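Student: Input: one structure, supplied below.
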Amino acid sequence: MTIKRHNQRGASLVEFSIGATVFLMAMFAVIEFGRVLWTHNALADAARRGARYAAVNEQADMDDVKRVVVYGDPAGGTTPVVSNLTTDNVDVNYAGFGLDVGTVQVTIKDYDFKFSVPLVSKKISMPKYTTTLTGESAGTLPPPIPSL
């Protein structure tokens, strides 16, 4: 039996388009998963960095702490560590804070991760990232104790 080739015209084009679609979808999924994981780690690290700055700098100005979280610098900057992160996403709470006592809590909240994949306009609400540290002296000497 002889196979007629003219009945198979375009079959390789269809097979290629199916294979390419599956390959590209898998590739974009891996890239986006990597971006989500990187953003998750960067937000957790930013909360830790802000809490450390607040703990070491004995009740630092809350705006300075927020700028450390967002920009990595208490003076601020123009480019946030994580895109679309603002100081409005950061909460700073001092509780009974002083020299070697009390705690400071830094929370990143309401951050939305936006996908960059074509044809996908979804966003993911990331969880809250909270870090709590106790007050530290960081080399600062306490005031002398008055004699009785």
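Student: Would you confirm whether any residue within the range 50-60 is at pLDDT 90 or above and of a type outside the set (Gly, Ala, Ser)? Please lay out each step first, then the result.
Tutor: Of the residues in the range 50-60, the ones at pLDDT 90 or above are 50-53.
Applying the additional criterion that residues be of a type outside the set (Gly, Ala, Ser) yields 52-53.
The answer is yes, given that some residue of the range 50-60 is at pLDDT 90 or above and of a type outside the set (Gly, Ala, Ser).
Student: Hey, another quick one. With respect to residue 20, is the statement that it is out of contact with any strand residue (DSSP E or B) (no Cβ under 9 Å at 6 or more places or on another chain) and farther than 30 Å from residue 124 by Cα true? I'd like the intermediate steps shown before the answer.
Tutor: Values: out of contact with any strand residue (DSSP E or B) (no Cβ under 9 Å at 6 or more places or on another chain): yes; farther than 30 Å from residue 124 by Cα: no.
So residue 20 fails the test.
Student: Also: In the range 48-73, how many are out of contact with any Pro (no Cβ under 6 Å at 6 or more places or on another chain) and either within 20 Å of residue 96 (Cα to Cα) or surrounded by fewer than 17 Cβ atoms within 10 Å (Cβ to Cβ) (or both)?
Tutor: 18
Student: Please work out which residue is modelled with the lowest pLDDT, limiting yourself to the range 102-120 and to residues that are within 14 Å of residue 54 (Cβ to Cβ) and over 12 Å from the mean Cα position of the chain (by Cα). Can you show your working first?
Tutor: First, the residues of the range 102-120 that are within 14 Å of residue 54 (Cβ to Cβ): 102-108.
So of that shortlist, the ones also over 12 Å from the mean Cα position of the chain (by Cα) come out as 102-106.
Details: 102: 80, 103: 86, 104: 88, 105: 92, 106: 95.
Out of the qualifying residues, it is 102.
Student: Out of the residues in the range 20-43 that are exposed (fewer than 11 other Cβ atoms within 10 Å of the Cβ) and of a type in the set (Gly, Ala, Ser), which is modelled with the lowest pLDDT?
Tutor: 26
Student: Shifting gears a bit: Taking only the range 74-95 into account, find how many residues are surrounded by 19 or more Cβ atoms within 10 Å (Cβ to Cβ) and closer than 15 Å to residue 135 by Cβ.
Tutor: Number of matching residues: 1.
The values are calculated or read from the model by the stated rules, or taken from the named source; none is laboratory data. Here the structure is a predicted model, which is why all the values come from computation and not from measurement. Cβ sites come from the backbone with ideal geometry, for glycine too, and all protein chains shown count toward neighbours.
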